[in-house]
Structures are given as C-alpha cells and as structure tokens.
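Enquirer: Please see the structure below; I have some questions.
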Amino acid sequence: MHELPVTESILEIALRHAGEARTKRITDLYLVIGQLSSIVDDSIQFYWDIIARDTIAEGARLHFERILARMKCQECNLEYQPQDSEFACPECGSYSIQIVAGNEFYMDSIGVE
Amino acid sequence: MTQRVQVVENILSANDRVALENRQTLDAAGVYALNFMASPGAGKTSLIEQTLRRIFGEIRIAVVDGDIATSIDANRAAAAGALAVQINTGGECHLDAVMLKNALAQIDLGGVDLLIVENVGNLICPASFQLGTHQSVLIASVPEGDDKAYKYPGMYQGVDALVINKIDLLPYVTFDMGYFRRGVEILNPGLVTFPLSCKTGEGIERWIAWLRKQVGSRKKA
C-alpha cells in the first residue's frame, strides 16, 4: 500500500510549485515513470481524486509518460529493449550493459491557470 | 489560459529530504546504518540473529524492525542481544524516512556502532523510499527462484550488497545461479555478493568480515 504516500508526495510537490508560480488552479500533472521503477500505476488517479479534494489541484488530471527500459551493450554497442526474462545483449550475449532509460520517476511539469 | 510550469522533481522528494536529515543524525552520532530489504521469508531476521551471534560484545548493534503489525521480528532481534525498536507500519508495505526518524529518536545513538534497519518484506516499494542509511543490503534466497532480478529490477539496482541465503537448498530446488547472477550483474555491475546459509553457517564468515570492515571504516573518533 504505497499509493497513498506517493500520491501525497505528488500533491505536495504540485502545490509548492504552483504556489511559487502564484497560480490559482492546477489542471494537469505530468509524471514520467520508467519501466524499471514501476511502483506507480494508474490507480494513483483514484487516490488523487480523494487527496486533492479541497485544494487548488482538485479535479486535476494525472498524465503518465511511460518510458520503456532501454539498454546499451558495452561490447557491441547495440541499443535494445530488454525482454522480460533476459537482459543480456540479444546480439552478442554480453551482460556488460548500460541502462539508458527506464529508471525515470519524477514530476516533469504541471498545467496551471 | 493554461500554462505549463516546469517542475522536474523526484516524486518522493519530501521523503528524500527527511532521509538526508536521518543521515546527518546518524553521521553526527558516528553510527553506521544498513537497510536490510528482502521478500517475506528470505531470512532477514535469521541473518540478523546469525550476525549478532558473531559480533555481539565487539560491535554495539541496534535493530529497527519494520513490520505491518506484529513485533515477532523485533522480539527475535532482542532475544539475540540487540537493542531493538519496533515500527508497525499499519498496513504500509515499506518503511519511509519519517518512520525511521521517529525510531531514531527512541535510541541512544551514542551507544551504538551499527544500526540495522529491517525493512518490511517486499521487493517493490522499499527500493523507492530512501531512509538515510549508509548502505542497503538485499537478502535474496534460493527457494524464491532465479528470476527475481528480472522481475524486480528497481530493488536489485539500488543496493550495495547482496546476500543469497539458503544455499543449502540448492540441491533440492531449481535455481540457475548463472542466470540469476547474470541478471544481477547487468542491473548492478560488480555488486558484492555473499552466498550463504543462515541454517548451516556456510559463507557467513565472509559476510561478517565485510560487515566488520564497513563498521571499522566509520569508527567513532
């Protein structure tokens, strides 16, 4: 049950930035979530509707930008999307790999008016 | 008229800030702290018991135990000689920095060299909630299967040491050590790894030697 603290944290960040920008209303939140840090799913919207009630963010929509995992082989330089059950390079079999994308877990921006 | 305001901030930034405060508290008291994470039943508490048995009287240990509702684990740690503090998360699947902060306030940190925080048994959420400990240890176990790194990449990426517990069961269960360690190596290159058995004691001395070194390098002035 981590949705509640995650949602509270999202609200705190959004309200703080909206306050700094001196806006009256938050209409949208843009979140970037990588496949490898997958603790957030769309059920957050449900918690959000409750948590954001009676704040300037009430009714705001959450937008999730999902980033697929991407890895780069350090041997043959192939960049690829790993399979669920095998991360090694599909070309040369190496497991000397750099994770290029998939660890994102941040709020990119908010829509205000 | 809708406008965009740039934020670019980690979603759990408030937790991260409290974690930083915890780190400062620990550093000021000269305490080295470890966050133990694992699935339920991997052997977190058993490893704490085995560790205490070997370094009791030499290194002063406190244990903070996170559990949904019971104090079974804290009781086991206390029975093994540690100063134990229980945190009941009341349904939360992980410890967070505020919970640890409250627990630290209950401990005389001046009398502690090593603090072990036993997180709630879970391979997902604890990885995202920083606590402020110096390092994290993941305790995997053979019967869980060899695919855990692939299924819980966030957890395997964020740790500083990996214990593979219950190696005495290797002859009885399907566990491809090569496949397992390949997944780990990709997510966390060069991760220090301790295959061991809390039941037979095999491999534990190497773990204890590592722990001694970590604590020793942060000895109180």
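Enquirer: Please determine, by comparing only the residues of region B:1-46 that are within 14 Å of chain A (Cβ to nearest Cβ) and among the polar types (S, T, N, Q), which one is nearest to B:VAL163 (Cα to Cα).
Expert: Filtering first and then ranking leaves B:ASN15.
Enquirer: If B:PRO195 satisfies every condition in (1) in contact with a Leu (Cβ under 7 Å, 6 or more places away or on another chain); (2) crowded, with 16+ Cβ neighbours inside 10 Å but one, which is the exception?
Expert: For B:PRO195, the failing item is (1).
Enquirer: From B:ASN35, B:ASN22, B:ASN15, B:ASN88, grab the single residue that is surrounded by 15 or more Cβ atoms within 10 Å (Cβ to Cβ) and under 13 Å from the mean Cα position of the chain (by Cα).
Expert: Answer to the selection: B:ASN35.
Enquirer: Related question: Answer yes if at least one residue in region A:19-30 is under 25 Å from B:THR2 (Cα atoms), at the interface with chain B (Cβ under 8 Å from one of its Cβ atoms) and buried (at least 20 other Cβ atoms within 10 Å of the Cβ), and no otherwise.
Expert: The answer is no; no qualifying residue exists.
Enquirer: Same structure again: Is there a residue being in contact with a strand residue (DSSP E or B) (Cβ under 6 Å, 6 or more places away or on another chain) and part of a loop (DSSP other than H, G, I, E, B) anywhere in region B:133-153?
Expert: Yes, region B:133-153 contains a residue that is in contact with a strand residue (DSSP E or B) (Cβ under 6 Å, 6 or more places away or on another chain) and part of a loop (DSSP other than H, G, I, E, B).
Enquirer: Now a separate question. Can you name every residue in region A:68-113 that is closer than 30 Å to A:THR23 by Cβ and small (Gly, Ala, Ser)?
Expert: Hits for region A:68-113 are A:SER109, A:GLY111.
Results for (1) closer than 17 Å to B:GLY183 by Cβ; (2) not β-branched (Val, Ile, Thr), shown as yes or no for each residue.
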{"site": "A:SER37", "(1), (2)": "yes, yes"}
{"site": "A:TYR47", "(1), (2)": "no, yes"}
{"site": "A:HIS63", "(1), (2)": "no, yes"}
{"site": "A:TYR95", "(1), (2)": "yes, yes"}
{"site": "A:VAL100", "(1), (2)": "no, no"}
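Enquirer: Using beta carbons and a limit of 6 Å, which pairs, at least six apart or on different chains, have the first residue in region B:108-137 and within 13 Å of chain A (Cβ to nearest Cβ) and the second one of a type in the set (Asp, Glu) and in a loop (DSSP other than H, G, I, E, B)?
Expert: Once the first residue is within 13 Å of chain A (Cβ to nearest Cβ) and sits in region B:108-137, its partners that are of a type in the set (Asp, Glu) and in a loop (DSSP other than H, G, I, E, B) give B:PHE129/B:ASP96.
Enquirer: Of the conditions (1) of a type outside the set (Asp, Glu); (2) part of a strand (DSSP E or B); (3) modelled with pLDDT of 95 or more; (4) out of contact with any Ser or Thr (no Cβ under 6 Å at 6 or more places or on another chain), B:ILE87 clears all except one; give me its number.
Expert: Unmet for B:ILE87, out of (1) of a type outside the set (Asp, Glu); (2) part of a strand (DSSP E or B); (3) modelled with pLDDT of 95 or more; (4) out of contact with any Ser or Thr (no Cβ under 6 Å at 6 or more places or on another chain): (3).
Enquirer: Testing B:LYS199 on (1) under 18 Å from the mean Cα position of the chain (by Cα); (2) in contact (Cβ under 8 Å) with a residue 12 or more places away in the chain, one condition comes back false. Which one is that?
Expert: (1)
Enquirer: Among the candidates A:LEU4, A:LEU36, single out the residue that is outside any loop (DSSP other than H, G, I, E, B), in contact with a Phe, Trp or Tyr (Cβ under 8 Å, 6 or more places away or on another chain) and facing chain B (nearest Cβ under 10 Å).
Expert: A:LEU4
Enquirer: Here's a follow-up. Of all the residues that make up region B:175-189, how many are assigned to a loop (DSSP other than H, G, I, E, B) and in contact with a helix residue (DSSP H, G or I) (Cβ under 7 Å, 6 or more places away or on another chain)? Write out each step before concluding.
Expert: Kept after step one, since they are assigned to a loop (DSSP other than H, G, I, E, B), are these residues of region B:175-189: B:175-176, B:188-189.
Within this subset, residues satisfying the condition of being in contact with a helix residue (DSSP H, G or I) (Cβ under 7 Å, 6 or more places away or on another chain) are B:175, B:188.
Counting residues in region B:175-189 that are assigned to a loop (DSSP other than H, G, I, E, B) and in contact with a helix residue (DSSP H, G or I) (Cβ under 7 Å, 6 or more places away or on another chain) gives 2.
Enquirer: Being under 30 Å from A:GLU20 (Cβ atoms) and among the acidic types (Asp, Glu) is the requirement here; does B:ASP96 meet it? Give the steps one after another, and end with the answer.
Expert: Working: under 30 Å from A:GLU20 (Cβ atoms): yes; among the acidic types (Asp, Glu): yes.
Criteria met by B:ASP96.
Enquirer: Inside region B:154-174, can you point out the residues that are within 22 Å of A:ASN103 (Cα to Cα) and in a strand (DSSP E or B)?
Expert: Selection gives B:ALA161, B:LEU162.
Enquirer: May I ask you to list the residues in region B:1-28 that are closer than 18 Å to A:VAL112 by Cα and charged (D, E, K, R)? Even if it seems obvious, please write down each step before you answer.
Expert: Taking region B:1-28 as the starting set, the residues that turn out to be closer than 18 Å to A:VAL112 by Cα are B:1-9.
The answer is B:ARG4, B:GLU9.
Enquirer: I'd like to check something: does region B:128-138 contain any residue that is out of contact with any Asp or Glu (no Cβ under 9 Å at 6 or more places or on another chain) and at pLDDT below 95?
Expert: Yes, region B:128-138 contains at least one residue that is out of contact with any Asp or Glu (no Cβ under 9 Å at 6 or more places or on another chain) and at pLDDT below 95.
Enquirer: Now, a different point. Please determine, by comparing only the residues of region A:55-113 that are of a type in the set (Gly, Ala, Ser) and facing another protein chain (nearest Cβ under 7 Å), which one is surrounded by the fewest Cβ atoms within 10 Å (Cβ to Cβ). Outline the logic, then answer.
Expert: Of region A:55-113, the ones of a type in the set (Gly, Ala, Ser) are A:57, A:59-60, A:69, A:85, A:88, A:93-94, A:96, A:101-102, A:109, A:111.
Filter once more, so that each one left must be facing another protein chain (nearest Cβ under 7 Å): A:85, A:88, A:109, A:111.
Numbers: A:SER85: 10, A:ALA88: 20, A:SER109: 19, A:GLY111: 18.
Only one residue tops the list, namely A:SER85.
Enquirer: Would you tally the residues in region B:190-221 being in a strand (DSSP E or B) and closer than 15 Å to B:SER136 by Cα?
Expert: If we filter region B:190-221 for residues that are in a strand (DSSP E or B), which is where we start, we get B:192-195.
From the residues that got through so far, the ones that are closer than 15 Å to B:SER136 by Cα too are B:192-194.
Qualifying residue count, region B:190-221: 3.
Enquirer: Pairs needed: first member in region B:140-153, more than 14 Å from every other protein chain (Cβ to nearest Cβ) and in contact (Cβ under 8 Å) with a residue 12 or more places away in the chain; second member anywhere, among the acidic types (Asp, Glu) and outside any loop (DSSP other than H, G, I, E, B); C-beta distance under 9 Å; at least 6 residues apart or different chains.
Expert: Here the result reads B:VAL142/B:ASP168, each pair linking region B:140-153 to a residue that is among the acidic types (Asp, Glu) and outside any loop (DSSP other than H, G, I, E, B).
Enquirer: Please specify each residue of region B:52-69 satisfying the condition of being surrounded by fewer than 24 Cβ atoms within 10 Å (Cβ to Cβ) and not hydrophobic (A, V, I, L, M, F, W, C).
Expert: The answer is B:ARG53, B:ARG54, B:GLY57, B:GLU58, B:ARG60, B:ASP67.
The values are calculated or read from the model by the stated rules, or taken from the named source; none is laboratory data. The model shown is predicted, which means the values in this text are computed figures rather than measured ones. FYI the Cβ positions are ideal-geometry reconstructions off the backbone, even for glycines, and counts take in every protein chain you see.
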